[in-house]
4 protein chains.
Amino acid sequence: MPLVAVIPNPNAAVEMREIVSPTLELNSALLEVELSEVCGTDVYLQQGRLEGVPYPLIPGHVSVGHLRKIRGEMLDVDGRTFKEGDRVTFLDVHRTCNACWYCLVARASTRCPHRKVYGITYGLADGLCGGWSQEIYLKPGTRCIRLDATPEQFMAGGCALPTALHAVERAEVKIGDVVLVLGSGPVGINAIIMAWMSGASRVLCIGAPQARLDSALKAGAAAVLNIETTDEQQRLSWVLEQTSGRGADVTIEATGAPVAVAQAMRFTRDAGRVVIVGQYTDHGPMPESAAFNPHLDLNKKHLDVRGCWGSDFSHFYRAAQIVSEPARSGPWSTMQLARYDLSQANEALEDVAAGRVLKALIDPRGVAA
Amino acid sequence: MPLVAVIPNPNAAVEMREIVSPTLELNSALLEVELSEVCGTDVYLQQGRLEGVPYPLIPGHVSVGHLRKIRGEMLDVDGRTFKEGDRVTFLDVHRTCNACWYCLVARASTRCPHRKVYGITYGLADGLCGGWSQEIYLKPGTRCIRLDATPEQFMAGGCALPTALHAVERAEVKIGDVVLVLGSGPVGINAIIMAWMSGASRVLCIGAPQARLDSALKAGAAAVLNIETTDEQQRLSWVLEQTSGRGADVTIEATGAPVAVAQAMRFTRDAGRVVIVGQYTDHGPMPESAAFNPHLDLNKKHLDVRGCWGSDFSHFYRAAQIVSEPARSGPWSTMQLARYDLSQANEALEDVAAGRVLKALIDPRGVAA
Amino acid sequence: MPLVAVIPNPNAAVEMREIVSPTLELNSALLEVELSEVCGTDVYLQQGRLEGVPYPLIPGHVSVGHLRKIRGEMLDVDGRTFKEGDRVTFLDVHRTCNACWYCLVARASTRCPHRKVYGITYGLADGLCGGWSQEIYLKPGTRCIRLDATPEQFMAGGCALPTALHAVERAEVKIGDVVLVLGSGPVGINAIIMAWMSGASRVLCIGAPQARLDSALKAGAAAVLNIETTDEQQRLSWVLEQTSGRGADVTIEATGAPVAVAQAMRFTRDAGRVVIVGQYTDHGPMPESAAFNPHLDLNKKHLDVRGCWGSDFSHFYRAAQIVSEPARSGPWSTMQLARYDLSQANEALEDVAAGRVLKALIDPRGVAA
Amino acid sequence: MPLVAVIPNPNAAVEMREIVSPTLELNSALLEVELSEVCGTDVYLQQGRLEGVPYPLIPGHVSVGHLRKIRGEMLDVDGRTFKEGDRVTFLDVHRTCNACWYCLVARASTRCPHRKVYGITYGLADGLCGGWSQEIYLKPGTRCIRLDATPEQFMAGGCALPTALHAVERAEVKIGDVVLVLGSGPVGINAIIMAWMSGASRVLCIGAPQARLDSALKAGAAAVLNIETTDEQQRLSWVLEQTSGRGADVTIEATGAPVAVAQAMRFTRDAGRVVIVGQYTDHGPMPESAAFNPHLDLNKKHLDVRGCWGSDFSHFYRAAQIVSEPARSGPWSTMQLARYDLSQANEALEDVAAGRVLKALIDPRGVAA
């Protein structure tokens, strides 16, 4: 019986449990987990800040492991069959309906109301549907991706990488652009990597704390600024100095703080692009102190402001390809990872919430029941 | 000596003056004005709400007339020479530098800091550089457009038409989209026409007063709602009813009210597009009551919000082409025009400011000095 | 037992048969056909010019009718259930896999190798899977669209409309563009309507015979040219005359003739767009007489040439919406339709092949077995 | 009196001459040349294969040097004045009219019929208007770019870099794409660098001779194939092997051979993008052996084929920025350069024509008259 870590209720501590391994349906599989992830969303889950979550649940949406048992046939997108023992990962959003107006007419599947997400929309009652577990049940229809990268390399990107890839793709970075990233958490760091990979001449980052800014520099940022020691005016001056007085061509907001949205607009040059990817939870409306001026900050600037929600299979697949390509994987190889076993999940959540670690991983191997 | 109408100072009444007709430079011309325009920008000019305006000035940025005198050669974009007597119009922004970073690198000429605009950036000291005049001096380099439409047809669109064309182009309307236009002034009405012409299955309009909403219906709106008799919640309900509960595919904000910006976002479906084209003057930041929520209104909605500033020669040229095409000109033929002579400019400004007329035109002919 | 019309083998005459009505699977339905279609693809099917077709088969890919029997639940894209008696249509490509690289990574579902198409990829052995029949079996997962238009109005567009909508969408028509359509068959005529609906200032058409060019004019073309009485040079001259000597901004090729591809490029202005949507069958390589010059026809012209294959649910859905919108349906209301009963299918094929009719419809009602 | 190298007539050998240094107009300057370039276009110029060239002329369109004398004011795009001694470069297409339909309405300035190009559209009678010279006369309005890179670094990119940047920009490379470059001359090599910089997971190159393929590998290609030892079928097989059997996501044709155009289409996956940038001279129509099949190669493939002509200030400016950025300049630092003095221009042309050198530079310093 596999061991799992469970959030029993909002604001309750994570507990370990044993649950029965499922009987496999046709064309499903069981994944033996090597690494799963603790990200900001998991902190929100534990704090009860996401709507419609069926507690108790097993968190862990992006994971890597070996296919331990397959019943029937599991295929990759090229139609090749997987065999037991293969190392794979899979998109946590394993099912969109391909039948609703958002999927079929708007072609905006990240807004499909019927999305099914491992580690978020499934409860413990649904079985092994989260990555903080020794095993995950890969339901029929789940499209696995064969992984050539090491588990560590891939998880260094983790769920932040496809999110950042989506955001940077939406930013339409042009060769030679100066890209400003607000925020130095996992999405911010991966956005730096993606912006550089898209042809930016320089990537700037404003964030905190200093340890994360050091990671930003290692990830390829040309210059960084600490938000803890500067006010908005100083940040604006710094950005203008770095950009011939014009502001960034592209700004990627990846902070989680509502005030950052108006700042992102002000830090961007006229006719530039702003992608908002850091507002994943409702922190209420923008505070009056950040009050944004539709004339000065948007209309007269002829600005493009683009919200960016989730990621789809395409982003995830390309993220896995890029990380697996030796000539591309450098930035993730050097990223600092903090490893926790299943029994240390509460500690991991605390470290992530406090920003003490950049990337926390759950390694469920070698824990006896 | 041609008669002109002049705003002497911010908040001062318009006065009539006579000024000396200029000596033409090489490749310049004198335009005998048939019709010029009184738009919202002129109201702002009179109220001193635009920065850097060299008072006293002759207002009137978009105008139509006959080439009365040409010195040297005036060419159209196809390289054909104009001759005296030709009926033409011209883009008020007659000069962008084609030499700065915004013109050459960003290709965002509407943000060129060296734009020269008839009726706005020129003062009386610069001569006949506004349309509220019997004559306009067309400086060398001004690209005229031969006009096949009647002056009334073209001026029914006036400066609002290229602005609306630009906004709707930026909205990337797809065939079958439901487009919502906020505002029923000249830009709003022209946005309705442009959205319909771009393939919308239905165009909705929220505005006021009723007379303008009637114009909206005549211009092609499928349904209208009066902002004076509804609150934000009622408007949202109405939009959802009209759109299978999803919101508009595209919303064009053309109101002038900061509160409309957040509403535009809320009235739009997830993954839709919002164009902000109505915030042409600084009314201060968005009020707290309208405070927008970065998570709910932007990021989670995966929304595109696009500021839209000014228009360039391409928009103006295509506007003139469309209005001149008999099979296309219908909507402008029926638009109600209010005509004023030069001595009635103050009355025209008041009527526009009060929303009593949809489109006010200055007709400087037949006024004796 | 419903009557069907069957192509037994390539180049064999269509025969009528009776086949057993199926037992419905869960969430499937039986459609009582009002009208189905005879299009160019059916001619090719009868001539054996499409690969991988499982003869014998029931042709008829786009159809309209009433839901006669539903087992379980049939939903539309808004999640509303259909009831028996509802008038509906459905995309013939009722299934793409949503699991392969083309569906998931390239997001190019019209190139999904697992597409299932009513009237084309199904054989008689698969049951009632074509529209030349009194009944069609709507398999589980088929997304029906409720139809507010009359069957005649919708079928006037038929399969040509979503194809044309896709082509014109890919052409990115801008307000004021001059659009040239090559070909005056159903796709060409619908491309004229779509191009006009997308904001073209004028739509030109080169085609034949004269009867179809008359339809082109009725559909909104501003000017037409008969291909039977002109050579390439004369056509080019005509296009240049109509376009200030530059060529069309956009050309939609919808002819079926390989030589038209190079002509489409030459008839288009520099930096314009060409969409190739008429090359649906292999007529061999471009003949030497049409030999295209990569320097003059493509590279120096800075041209965009875009192949356009098939259409997806989005195109089909929006086509149905547009046709159902009273203010939009005009062009299809006046289109000339030729109606045939099931026993006249061979005659219909001949008339279509000979270009004697613009749009041929099979009406399977009122034919006794 | 500065020394210049002149092509007196088509097919005549280059000759050295001395010409009088010009009297500077207001806001013009004299550039002391450090390096100029010998590219494929110069070979065509010498062979008389370009139309409308005013022989005799001084070739050399892209050059680097010091501002030796300034009369009046020379400004960069940020409005900063240059001073004598500054190292600069400038776009050879120093003037587009900003007044014609292509410049103003189509916004396609590379198709402006009034382009003025140093080293191509100017004859000897126009003075020092080519780079194979000790001095170049920078006419009023020429926008110089301050150069932080070394002359060698910048000229390693030379005119091929902005061309390649334009081509790759038009290809819309997405992160993770496999990009295939056809051709391993200067444009091909720079396209490899640009494609990699745009996020390709792997860049492939098919070209010749081996020395250039070695340069391709050094520039970042993951794999190369020699065109001299393979036929079309073998090349196709190789591409399919490298791309999971699908073909490249993006192909950049930079060969100069008409047959490569159809091959580029066949080597690309369905729904992919092809940019044609190598057909700069008229080699006549595509030969019958290469005859392309509109159904198989374009329409059914749902392919985008994009001609790409010239480059504008934006491409040139961003090229200069990228080369000057230390973290980006690596690929150009290692590129092999062949240096010739003014008297060796004929030898340089021969070496370029024969493909014996990748990049040939004229260094006019240190040659006594």
### Query
Restricting the first residue to segment A:96-107 and requiring it to be on the phi > 0 side of the Ramachandran plot, which pairs with a second residue that is in a loop (DSSP other than H, G, I, E, B) meet a Cβ separation below 7 Å and a spacing of at least six or different chains?
A:N98/C:N98
### Query
If you go through segment B:213-234 one residue at a time, how many are within 27 Å of A:F292 (Cα to Cα) and open to solvent by 40 Å² or more (accessible area, probe 1.4 Å)?
6
### Message
Given (1) in a loop (DSSP other than H, G, I, E, B); (2) at pLDDT 95 or above; (3) within 16 Å of C:L128 (Cβ to Cβ), identify the lone condition not met by C:N11.
### Response
(3)
### Task
Kindly indicate whether any position in segment A:162-172 is open to solvent by 10 Å² or more (accessible area, probe 1.4 Å) and away from every other protein chain (no Cβ under 14 Å).
no
### Task
Take the residues in segment C:234-289 that are touching a residue at least 60 places away in the same chain (Cβ under 8 Å) and aromatic (F, W, Y), then tell me which one is farthest from D:M286 (Cα to Cα).
C:Y280
### Residues located in segment B:50-74, provided they are loosely packed, with under 14 Cβ neighbours inside 10 Å and either touching a Pro at 6+ places or on another chain (Cβ under 8 Å) or among the small types (G, A, S) (or both)
B:G52, B:G72
### Query
Say we look at segment A:131-149 and pick out the residues that are polar (S, T, N, Q) and more than 14 Å from chain C (Cβ to nearest Cβ); which of these is farthest from A:Y118 (Cα to Cα)?
A:Q134
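Here's the yes/no breakdown for (1) among the small types (G, A, S); (2) touching a Ser or Thr at 6+ places or on another chain (Cβ under 8 Å):
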residue: D:P2; (1), (2): no, yes
residue: D:P10; (1), (2): no, no
residue: D:R17; (1), (2): no, no
residue: D:G40; (1), (2): yes, no
residue: D:L45; (1), (2): no, no
residue: D:Y55; (1), (2): no, no
residue: D:S63; (1), (2): yes, yes
residue: D:K69; (1), (2): no, no
residue: D:L75; (1), (2): no, yes
### Query
Mind checking whether some residue in segment D:17-27 is closer than 30 Å to D:G278 by Cβ, open to solvent by less than 30 Å² (accessible area, probe 1.4 Å) and not in a helix (DSSP H, G or I)?
no
### Query
Among the numbered criteria (1) open to solvent by less than 20 Å² (accessible area, probe 1.4 Å); (2) assigned to a helix (DSSP H, G or I), which single criterion is violated by D:S237?
(1)
### Task
Run B:Q210 past the list (1) within 30 Å of B:Y340 (Cα to Cα); (2) open to solvent by 40 Å² or more (accessible area, probe 1.4 Å); (3) within 12 Å of chain C (Cβ to nearest Cβ) and report the number of the one that doesn't hold.
(3)
### Query
Being on the phi > 0 side of the Ramachandran plot and touching a strand residue (DSSP E or B) at 6+ places or on another chain (Cβ under 7 Å), is that true of even one residue in segment C:112-123?
no
### Task
For B:W196, work out the one condition from (1) within 14 Å of chain C (Cβ to nearest Cβ); (2) over 30 Å from C:A171 (Cβ atoms) it doesn't fulfil.
(2)
### Query
Taking interchain pairs and intrachain pairs at least six residues apart, which have beta carbon atoms under 7 angstrom, with the first residue in segment A:47-68 and on the phi > 0 side of the Ramachandran plot and the second surrounded by fewer than 20 Cβ atoms within 10 Å (Cβ to Cβ) and in a loop (DSSP other than H, G, I, E, B)?
A:G48/A:P10; A:G48/A:N11
### Query
Restricting attention to segment C:33-61, which residues are part of a helix (DSSP H, G or I) and farther than 17 Å from C:P364 by Cα?
C:G40, C:T41, C:V43, C:Y44, C:L45, C:Q46
### Query
Right, A:A216: more than 30 Å from B:T110 (Cβ to Cβ) and either touching a helix residue (DSSP H, G or I) at 6+ places or on another chain (Cβ under 8 Å) or at pLDDT 95 or above (or both) or not?
yes
### Query
Is there a residue being touching a helix residue (DSSP H, G or I) at 6+ places or on another chain (Cβ under 7 Å), open to solvent by 20 Å² or more (accessible area, probe 1.4 Å) and either modelled with pLDDT of 95 or more or over 28 Å from C:K359 (Cα atoms) (or both) anywhere in segment C:75-83?
yes
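Show me the helices (runs of 4 or more DSSP H) found entirely inside segment B:244-361 where at least 3 residues are open to solvent by 20 Å² or more (accessible area, probe 1.4 Å) and either within 14 Å of chain C (Cβ to nearest Cβ) or hydroxyl-bearing (S, T, Y) (or both).
Per the criteria, B:313-324, B:330-333.
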### Task
Go through segment B:84-124 residue by residue and tally those that are within 14 Å of another protein chain (Cβ to nearest Cβ), open to solvent by less than 30 Å² (accessible area, probe 1.4 Å) and farther than 17 Å from A:R246 by Cβ.
4
### Task
Would you check if there is a residue in segment B:126-134 being over 30 Å from C:F316 (Cα atoms) and surrounded by fewer than 21 Cβ atoms within 10 Å (Cβ to Cβ)?
yes
### Message
I'd like to verify a number: residues in segment D:188-200 that are open to solvent by 10 Å² or more (accessible area, probe 1.4 Å) and either modelled with pLDDT under 95 or touching a strand residue (DSSP E or B) at 6+ places or on another chain (Cβ under 7 Å) (or both), how many?
### Response
1
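The values are calculated or read from the model by the stated rules, or taken from the named source; none is laboratory data. Being a predicted model, the structure only gives us computed values, none of them experimental. All Cβ positions, glycine included, derive from the backbone under ideal geometry; neighbour counts span all protein chains shown. Each accessible area value is taken on the protein alone, full model and side chains, heavy atoms only, with ligands, DNA and RNA left out. Shrake-Rupley method; radii C 1.70, N 1.55, O 1.52, S 1.80 Å.
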